[in-house]
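To keep things clear, I will list the structure first and then write my remarks on it.
The values are calculated or read from the model by the stated rules, or taken from the named source; none is laboratory data. Just so you know, these numbers come straight off a predicted model, no measurement behind them. Here the Cβ is made from the backbone with ideal geometry for all residues, glycine too, and neighbour counts use every protein chain on show. Calculation scope for accessible area: heavy atoms of the full protein, side chains included, ligands and nucleic acids excluded. Shrake-Rupley method; radii C 1.70, N 1.55, O 1.52, S 1.80 Å.
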Amino acid sequence: MEKIVNLSRLIEELVKEYDVFAPVGDDNFSQFSPIKNLGEANLDLINTTKPLKNLFLPQSEKLFSVDGAKENITLEPKKNINNKRIILGAKACEVKGIELLTKVYTGGTLPDELFEERRKNTIIIGLSCLEPRDTCFCAALGVNPFEEKGMDLVLTKINGKFVMKSLNQKGEEFFKKYPDVFSEINKEDLEKRDKLKESVLKKQNLSLDLKEIKEKLDKEVDNPLWEEISQRCINCGICTYLCPTCQCFDIHDEAGKGQALCRFRTWDSCMFPDFTLMAGGHNPRGKKKARIRQRFMHKFSYFIDNFYEPGCTGCGRCIKFCPVNVDILEILKKVKD
Ligand code: SF4
Ligand code: SF4
């Protein structure tokens, strides 16, 4: 079903029952944050600075605390993971990122409980991407700006109005539950939406031969490209922190004097020199070129081995935010040539 939605009124209804998150901020910095009304959201952003993964795998979170001062050791239960929540305004590349992370975090024999609960309790209202950046290349990775997979409902902005379409039973429920916020869509709006879609898809027409790229990556271990990029890369880790699919974390314990010991999980990055440093001092990826190669191997070779698709959604963040202009797309093209 699809109808015109009064988004402002819908959000007023949703916040009574759910934690609602949407893109908040501007071109300098933005992320998915809790909102109480439409005015707090910025749905014109192409994609947020910080990826949606932050709501499933927070940059830093306390896993538990242990109060050793008490006679019995107590483990603090994790709070807020069972809250029902709605993510509104996620683009296709973000939702694809969550799909890939879900494979990593819940696909094995020991699913990550926190990630799994958050995913289970989340309804995703996507937003069609009408103006991809010149750094975006999602279509080359099998996603496209109008992709609906992984969403429960999707919004498309046409002539200043929002069309809302349900994509599954959860989505259908919205139309029954909040009938007053929807109105019928007319033929002109639908035609306009289809034309928009056609013109956006025409612009996102880059294709990459991922099979050939993987073969070359696997074969050319000593490709001089890695040394060349390492002359520029400053190992800041931004490309991995802001990547919607990068998934590595570190665990550390902290305790202040007289305070409970807390265990934290925080994002980590394969671009950091100590990422693979071992207790005895050996570091298998001590050289920068080895770390750079690892980033590409993980996304375009190992991820395909494990999950039959690349670990990249083509969101272009790593291109946009790298301080020294390391461009993943340019590098993939060079690997292929
Ligand atoms: S963002 Fe650029 S400089 Fe920073 S680690 Fe990544 S490739 Fe290197
Ligand atoms: S590798 Fe770069 S383009 Fe691909 S998903 Fe990560 S940030 Fe986006």
Requested in this report: Subtract the Cα-Cα distance of I234 and F264 from 0.36 nm times their separation in residues, and report this length gain in nm to one decimal.
Outcome: 8.1 nm
Query raised in the report: For region 210-336, what's the relative contact order in percent, using C-alpha pairs closer than 8 Å and at least 6 residues apart?
Result: 31 percent
Query raised in the report: Which semi-axis lengths, in whole Å and largest first, follow from the square roots of five times the eigenvalues of the Cα gyration tensor of the chain?
Result: 35, 30, 16
Query raised in the report: Rounded to the nearest 0.05, what FRET efficiency is calculated for M1 and S207 with R0 set to 35 Å and r the Cβ-Cβ distance?
Result: 0.55
Query - Percentage relative contact order, region 2-203, counting C-alpha pairs under 8 Å, at least six apart - result: 23 percent
Query raised in the report: Quick one: if you stick a label point 7 Å off each Cα along the C-beta vector at F29 and K187, how many nm between them?
Result: 5.1 nm
Query raised in the report: When the accessible area of region 2-203 is computed with all protein chains present and a 1.4 Å probe, what percentage of it is carbon and sulfur?
Result: 48 percent
Query raised in the report: Between L201, N82, L167, whose Cα lies farthest towards the positive end of the dipole of region 71-205 when Lys and Arg beta carbons carry +1 and Asp and Glu beta carbons carry -1, centred on the Cα centre?
Result: L201
Query raised in the report: Quick one: Debye curve from the C-alpha atoms of region 210-336, no solvent, what's log10 I(q)/I(0) at q = 0.15, 0.19, 0.22 Å⁻¹?
Result: -0.75, -1.13, -1.45
Query raised in the report: Taking a quarter of the surface of the convex hull around the Cα atoms of region 2-203, what do you get in nm²?
Result: 14.1 nm²
Query - Förster radius 35 Å - calculated FRET efficiency between M278 and F307 (Cβ-Cβ, nearest 0.05) - result: 0.80
Query - CD proxy at 222 nm, helix term only [per DSSP H run n ≥ 4: -39500 (n - 2.57); per residue of the chain; nearest 500] - result: -9000 deg cm²/dmol
Report task. Lys and Arg at +1, Asp and Glu at -1: add these up for the other residues within a Cβ distance under 11 Å of L332 and post the number. Result -> +1
Requested in this report: Specify whether the C-alpha gyration tensor of region 136-273 places it in the rounded, prolate or oblate class, a ≥ b ≥ c being the square roots of the eigenvalues: rounded for a/c under 1.5, otherwise prolate if a/b is larger than b/c and oblate if not.
Outcome: oblate
Query raised in the report: In region 131-192, if every C-alpha pair distance is counted and binned at 10 Å from zero, what percent goes to each bin?
Result: 17, 41, 32, 10, 0
Query raised in the report: How high is the relative contact order of the chain, in percent, with contacts defined as C-alpha pairs under 8 Å that are six or more residues apart?
Result: 20 percent
Requested in this report: Over region 216-337, average the accessible area per residue using a 1.4 Å probe and give it in Å², no decimals.
Outcome: 51 Å²
